Amino acid sequence: MKYNPLIHHRRSIRLKGYDYSKAGAYFITICCEDRINRFGKIVADEMILNQSGTIAYKEWIKLADRFPNFELDVFQIMPDHMHGIIVLSDLTTVGATLAVAQKEDPVNMTTARVAPTIPDIIGAYKSIVSNACLQLFKSHNKIMGKLWQRNYYEHIIRNERAYQNISNYIINNPKKWNEDKFR
């Protein structure tokens with residue numbers, strides 16, 4: 001069924017009023033459409049990446065080069081999803097490499113520093129991985145379909161204990177694969 005704004009109501013799952021460009025740590029989960037195993041398989045409690053999984057892995061690493069306030073932390077590509085912790089640094093520590101947006105003002109032309117937000121970063125990642133995987137599928141004369149599920153899950157990590165629990169969860173995710181009730 002086609003999207004109809006009168007009957008379909010897409011509610012944001014983001015924390016209302018929260019500034020997602022704010023420095024801090026964020027736990028991210030991005031799932032493949034229909035939980036299809038696109039990125040490889042689990043063998044002997046280890047994730048074995050296929051070509052699409054290698055693309056997803058390499059592009060996650062490249063995010064640190066693309067976004068000046070992004071720091072890599074623990075992450076894991078899984079067969080049908082990926083988990084990662086994104087650490088955003090404070091704008092004042094990033095320096096002059098930030099993107100500068102022009103605010104058009106007929107009297108006074110000013111500039112404002114624009115920090116990438118978590119939605120900006122995840123949107124870019126999903127797009128880059130989708131396009132690269134699509135090219136891979138096309139090179140094999142195959143049809144890919146939609147790679148990613150709409151949206152993503154995010155959790156603001158508020159303390160060291162939460163960070164440790166989430167990090168351990170991500171690291172141990174391949175070992176827990178057979179226990180996953182959503183597979």
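List the residues, sorted by chain then number, that are 5 or more residues from His81 or on another chain and whose placed amide H is less than 5 Å from its amide H.
Answer set, sorted by chain and number: Cys32.
Could you pull out the pairs from Lys41/Lys146; Lys22/Lys146; Lys142/Lys176 whose alpha carbons sit more than 29 Å apart here? Walk me through the numbers on the way to the answer.
On the way: Lys41/Lys146 19 Å; Lys22/Lys146 31 Å; Lys142/Lys176 31 Å.
Distance filter (> 29 Å) returns Lys22/Lys146; Lys142/Lys176.
Which of His155, His83 has the fewest other C-beta atoms within 10 Å, and how do the rest follow up to the most?
Fewest-to-most Cβ neighbours within 10 Å comes out as His155, His83.
Read-outs: derived from the displayed coordinates by stated rules, not from any lab. Quick caveat, the model's predicted, so the values are computed rather than measured. Glycine gets a Cβ as well: all are built from the backbone with ideal geometry, and neighbour counts include every protein chain shown.
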